[in-house]
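In what follows, a structure is listed as structure tokens, so that the remarks can point back to it.
The values are calculated or read from the model by the stated rules, or taken from the named source; none is laboratory data. Here the structure is a predicted model, which means the values were calculated and not measured. Because the Cβ atoms are built from the backbone with ideal geometry, glycine has one as well, and the counts that use them run over all protein chains shown. Each accessible area value is taken on the protein alone, full model and side chains, heavy atoms only, with ligands, DNA and RNA left out. Shrake-Rupley method; radii C 1.70, N 1.55, O 1.52, S 1.80 Å.
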Amino acid sequence: MLLTLAAVLSLQAAPVAQARVHQYAGVAISPNAQKVVSTESQDGGAGKPARPVVLVRSAVDGKVQATFDPCGTCSYSGAVFSPDSSALAFMASDGAGTATLYVTDGATARVVTTVKGVAQTPRWSPDGKMLAILATPGARKLTGATAAGIPQVGEIGVVDDEQRIGVVSVAGGVVRYVSPSDTFVYEYDWATDGQGFVATAAKGNGDNNWWIAKVERFGLDASERVLASPKFQVNMPRMSTDGRSVAFIGGLMSDFGPVGGDLYTVSANGGEPKDITPGFKGTFNGFTFRNGVIKATAVIGDKFAFVDVDPATGKTSITNAAPVTMSAADGKASFSADGRTAVAVIQDFEHAPLIGVHGPEGGRILTHDNDAIAPKVKAQSITWKNDGFDVQGWLVGPLQTTPGKTYPMVTLVHGGPSSSTTPTYVSRGTVYDLVSRGYYVFQPNPRGSYGQGEAFVRANVRDLGGGDLGDILKGVDAAEKVAPIDDKRLGVFGHSYGGFMTMWSVTHTNRFKAAVAGAGISNWSSYYGQNGIAEWMPPFFGDTFYNDPAIYDKLSPIRYIKAAKTPTFIYVGERDVECPAPQSLEFYAGLKAMKVPSSLVIYEGEGHGIRSPEHNKDLTDRTVGWFDKYLAPGM
């Protein structure tokens with residue numbers, strides 16, 4: 001399926017430079033491999049905004065068989081077929097505090113249940129008679145630490161929003177919660193026998209405690225049993241086909257969302273987890289059991305890959321790999337019941353998203369909404385060595401350059417650090433605006449990133465900003481060898497950990513002539529008590545701040561503020577739980593004291609991600625304007 005992306009070039013109509021990109025999300029295949037569902041934003045027409053709808057297509061030729069938009073103003077998610085492929089369930093959120101679970105087995109969708117709060121991730125019971133959901137009744141904020149936090153007023157830490165597993169008959173009714181009210185459930189799956197669930201969960205504050213989550217089993221009778229308490233982060237609990245074991249992805253992870261690690265198994269009765277893929281030179285980011293085999297996806301260097309894994313021996317077999325990005329509901333690919341057919345949204349920097357299917361007869365493209373959209377950038381993967389590590393990154397630049405002319409380059413450092421930059425279509429936003437104005441944008445995956453195995457991910461523990469900055473600077477050298485880049489016009493920017501790396505860079509090197517630090521961390525010592533997710537820090541620093549304050553102080557950019565000379569624009573969300581605004585204020589104050597040209601914007605009501613379209617436009621304009629001012633792209 002991955003290799004079918006190359007076929008887009010031969011299937012494209014005449015390129016249309018300004019065509020609207022059709023977006024696909026939550027793609028899933030039916031168990032019988034005959035249908036594919038996705039959530040898509042259809043053109044509203046006549047100047048109206050695009051409307052999200054749920055579409056069911058033929059998995060054979062991609063023709064739309066049904067369209068569902070029962071709410072009319074809602075957003076949709078979690079579409080999933082019943083075990084016999086005859087029905088479809090999905091969630092709707094009205095944006096005003098009500099979530100609705102719908103089921104359809106024909107042309108119309110009916111309400112199964114509603115939740116006052118937040119709800120997501122519907123799953124059918126093995127016999128198809130019940131549905132489960134993850135729900136936060138009475139939620140005071142959207143789920144997740146990246147969402148804007150609640151106002152910090154009144155007595156703090158008394159009440160936590162808890163996401164729970166709830167069940168309801170497919171016929172409809174009131175949700176019955178089967179996980180405890182003091183426990184936040186992050187991910188879950190039905191047990192093979194249909195009598196309960198395997199899940200990742202933690203007591204107390206859900207934003208903070210994912211980093212210490214356990215693998216648990218919850219019964220329909222409201223029983224609770226801990227199966228494993230790993231000393232690392234866990235994702236995607238799945239029970240084996242025979243019901244004897246539970247598998248999950250485990251590793252050093254800095255954020256809930258960017259999944260990455262090795263594959264582990266533990267007895268369904270509990271015990272010590274076993275790493276069945278030790279030393280794998282890549283990062284697993286999705287999997288499922290099919291007929292006793294683990295069908296997995298992984299990032300390996302600059303490629304996404306399908307990997308078959310024997311759960312008994314851990315033997316791996318790469319069945320397909322390509323330099324693209326894949327996404328699907330509940331993972332990076334969705335598999336049919338027999339595991340022989342898979343579906344995913346596929347894209348790279350130059351080619352807009354499409355839905356692709358790979359089955360016994362080979363790969364095929366199901367959607368052609370974006371065929372006529374022309375590439376807007378030129379991209380290439382580059383590799384280099386530093387300190388004995390093999391490092392990889394992406395260089396994105398203009399479609400055409402003028403012989404003899406050199407161009408400015410901005411290095412974009414990804415967040416995490418446990419994450420990676422993979423190829424996604426460039427058509428709007430900061431990267432597009434920079435490239436369209438004559439910049440190259442370099443996106444490195446330094447140590448701490450996914451794609452090279454767990455040893456590489458752990459290589460920056462207690463060295464944040466050290467070896468990874470060295471990797472980045474070597475990568476800048478590598479980029480300059482393959483493109484006409486002006487070394488005197490280099491910029492750096494990033495968000496979250498990338499914001500920290502920007503602050504660290506401007507206090508440790510003068511190579512960059514302009515910088516943009518988004519939601520950064522300037523002082524790990526003060527940050528430890530300010531943020532709402534402090535549990536993520538001990539795995540990366542080796543201990544808590546209270547036990548080992550020296551390492552937190554050593555790795556804080558503010559300690560080196562006297563070395564800063566680079567003009568820096570700083571921004572952050574007012575209600576950022578993960579990287580609170582005081583961190584940006586502290587760095588801004590330091591730059592002003594050093595008389596370094598600087599600017600700070602705090603976006604009202606925003607969390608860790610800047611979500612308002614108005615704020616996003618302002619941020620892009622300010623970022624591009626900052627680099628234009630100091631790097632002069634038109635030279």
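Go through 615, 598, 630 and say which Cα lies farthest out towards the positive end of the charge dipole of the chain; charges sit on Cβ, +1 for Lys and Arg, -1 for Asp and Glu.
630
Mind checking the full-extension length gain between residue 244 and residue 32? Use 0.36 nm per residue of separation minus the Cα-Cα distance, one decimal, nm.
73.8 nm
State the label only: which of [x] 1.01; [y] 1.27; [z] 0.95 corresponds to Rg/Rh (Cα atoms, Kirkwood Rh) computed from the shown model?
The listed entry that was calculated here is [z].
Which residues make up the longest stretch of the chain clear of GluC sites (Glu not before Pro) that lie in a DSSP loop with no more than 13 other Cβ atoms within 10 Å, not counting the sites?
Of all site-free stretches, the longest is 362-603.
Give a residue-ordered list of calculated ³J(HN,Hα) values for segment 324-335 (Karplus: 6.51 cos²θ - 1.76 cosθ + 1.60, θ = phi - 60°; whole Hz; x for Gly, Pro).
9, 10, 10, 8, 7, 5, 6, x, 9, 8, 10, 10
Which of rounded, prolate, oblate describes segment 280-425, given a ≥ b ≥ c as roots of the alpha-carbon gyration tensor eigenvalues and a/c under 1.5 marking rounded, otherwise prolate only if a/b is larger than b/c?
Oblate.
Rank these residues by their accessible area, most exposed first, probe 1.4 Å: 308, 84.
84, 308
What aspartates and glutamates sit close enough to residue 592 to cross-link, taking a C-alpha to C-alpha distance under 14 Å and skipping anything fewer than 8 places away on the same chain?
none
Tell me what the chain gives for mean residue ellipticity at 222 nm when only DSSP H runs of n ≥ 4 count, each as -39,500 (n - 2.57), the sum divided by the residue total, rounded to 500 deg cm²/dmol.
Value at 222 nm, helices only: -4000 deg cm²/dmol.
Give the long-range amide H neighbours of residue 322: residues separated by 5 or more places, or on another chain, with amide H under 5 Å away, using H modelled in the peptide plane at 1.01 Å from N.
For residue 322, whose amide H was placed from the backbone, the distant partners under 5 Å are 304.
Accessible area per residue for the chain in Å², computed with a 1.4 Å probe and the full protein assembly in place, what is it?
I get 39 Å² per residue for the chain.
Positive end of the dipole of the chain, charges at C-beta (+1 Lys, Arg; -1 Asp, Glu), about the Cα centre: which of 542, 239, 356 has its Cα farthest in that direction?
The residue sitting farthest along the positive end of the dipole is 356.
Which entries in the list 488/565; 116/295; 405/629; 474/595 go over 26 Å, if you measure between the two C-alpha atoms of each?
Correct reply: 116/295; 474/595.
On the protein heavy atoms, probe 1.4 angstrom, tell me the percent of accessible surface of the chain carried by carbon and sulfur.
Answer for the chain: carbon and sulfur cover 52 percent of the accessible area.
Helix 581-593 versus the longest principal axis of the chain: what angle, 0 to 90°, nearest 10, using Cα atoms?
On a 0 to 90 degree scale, this one is about 10.
Compute the Cα gyration tensor for segment 273-322, then decide on rounded, prolate or oblate, letting a ≥ b ≥ c be the square roots of its eigenvalues: rounded whenever a/c is under 1.5, prolate when a/b is larger than b/c in the other cases, and oblate in all that remain.
Taking the square roots of the gyration eigenvalues as a ≥ b ≥ c, segment 273-322 is oblate.
Mind checking the angle between helix 497-506 and the chain's longest principal axis? C-alpha axes, 0 to 90 degrees, to the nearest 10.
10
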